[in-house]
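Worksheet for the structure shown next.
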Amino acid sequence: MERRTFMQKSAIAGASLLTAGISKASGLKIDPIAEKPFNLNYGIHDGMFRNNGGANFVDQIKYAYDMGFRAIEDNGMTGRPAAEQQKIGETLAKLGMTMGVFVVDKGGNDENTLAANKPEHLEIFLKGCRQAVEVSKRVNAKWITVVPGDFERDLPIGIQTANVIAALRKGAAILEPHGIIMVLEPLSDSPNLFLRTSDQTYEICKAVNSPSCKILFDMYHMQKNEGNMIHNIDLTWDEIAYFQIGDNPGRNEPTTGEMNYKNIFKHIYNKGYKGVLGMEHGNSVKGKEGEAILIKNYRDSDGFL
């Protein structure tokens, strides 16, 4: 019996027992695990299905495929050995799955900022872009995450913005020949960060004016920083190349916070989005039970047709 067929039968049998137990314990009605792909292309990350798929990321990818997911993302891909990157890429190709984002390496310097116009910071960024090209070849990646770094308090905002644009144009020149898109991610983690809102990111992408510089619209961060989700997605739509997911508060899967992801997903689907939506969040419940609940919550939120 092929491994995947065995896993499917084992998973379905195990899920029936598991979900029955969950229903009794929590009152949730969780259907047996379905294999149908989701309407949108949600991308899992390492550790999300560790309890069912195992500690090895490749095994988690295969498990996620059996559960209907068709994409992954991995912020730390550049830190993996080349042989492991190759194996992940081969697994994705065999299963017909899509590689989502990984983060451009900062060379161990988390304080690196493009807004300050420091040559050493620019070189770290450009070196990361060159490295990303090589990693992308191994895993067949199309998108890489770029965070411009901290706000430079000694410079006017217009000067900082011009510095960031100039740096990103140089990065785009490295990536464009390879069809790789750096997606700029505005964040809510710290008030020190330069890039904070979708309209600010939109302005920068327009100024860089490259198919290799677009927006990563992380809906968790944008809910915290600006709200008005569907409206702001529409305003910046032509520069968005990638989405990430996380409910607020808590940064867990959809249905666990205040955001109406069913309506948001329906809107994105109806606009014709075909890319990856990275599942950059935690599991609201730990263990195997939590992984089954996560799948159920995605099935519920994805059930807009």
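The values are calculated or read from the model by the stated rules, or taken from the named source; none is laboratory data. Quick caveat, the model's predicted, so the values are computed rather than measured. Neighbour counts run over all protein chains shown; Cβ positions are idealised from the backbone, glycine included.
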- Find the residue count for the range 160-176, including only residues that are in contact with a strand residue (DSSP E or B) (Cβ under 7 Å, 6 or more places away or on another chain) and closer than 13 Å to residue 118 by Cα. 0
- Which residues, taken from the range 105-153, are within 19 Å of residue 242 (Cβ to Cβ), of a type in the set (Ser, Thr, Tyr) and in contact with a helix residue (DSSP H, G or I) (Cβ under 9 Å, 6 or more places away or on another chain)? 136
- Query: Quick one: which strands (runs of 3 or more DSSP E) sit completely within the range 115-220 and have at least 1 residues that are among the charged types (D, E, K, R)?
  - Reply: 213-218
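Residues are listed down the side, and each one gets a yes or a no for (1) modelled with pLDDT under 95; (2) surrounded by 19 or more Cβ atoms within 10 Å (Cβ to Cβ):
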{"residue": "179", "(1), (2)": "no, no"}
{"residue": "188", "(1), (2)": "no, no"}
{"residue": "192", "(1), (2)": "yes, no"}
{"residue": "198", "(1), (2)": "no, yes"}
{"residue": "206", "(1), (2)": "no, no"}
{"residue": "214", "(1), (2)": "no, yes"}
{"residue": "218", "(1), (2)": "no, yes"}
- Query: Which of the residues that make up the range 58-75 are closer than 22 Å to residue 103 by Cα, not in a helix (DSSP H, G or I) and not basic (Lys, Arg)?
  - Reply: 69, 71, 72, 73, 74, 75
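A quick yes/no check of all residues on (1) of a type in the set (Phe, Trp, Tyr); (2) surrounded by 15 or more Cβ atoms within 10 Å (Cβ to Cβ):
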site: 229; (1), (2): no, yes
site: 238; (1), (2): no, no
site: 242; (1), (2): yes, yes
site: 249; (1), (2): no, no
site: 268; (1), (2): no, yes
- Item | Single residue of 209, 192, 163 found to be of a type in the set (S, T, N, Q) and on the phi > 0 side of the Ramachandran plot | 209
- Message: Checking the conditions here, which among 229, 259 is touching a residue at least 12 places away in the same chain (Cβ under 8 Å), under 13 Å from residue 197 (Cβ atoms) and either of a type in the set (Lys, Arg) or out of contact with any His (no Cβ under 6 Å at 6 or more places or on another chain) (or both)?
- Response: 229
- Query: Scanning for something in a loop (DSSP other than H, G, I, E, B) and of a type in the set (A, V, I, L, M, F, W, C), does the range 226-248 turn up at least one residue?
  - Reply: yes
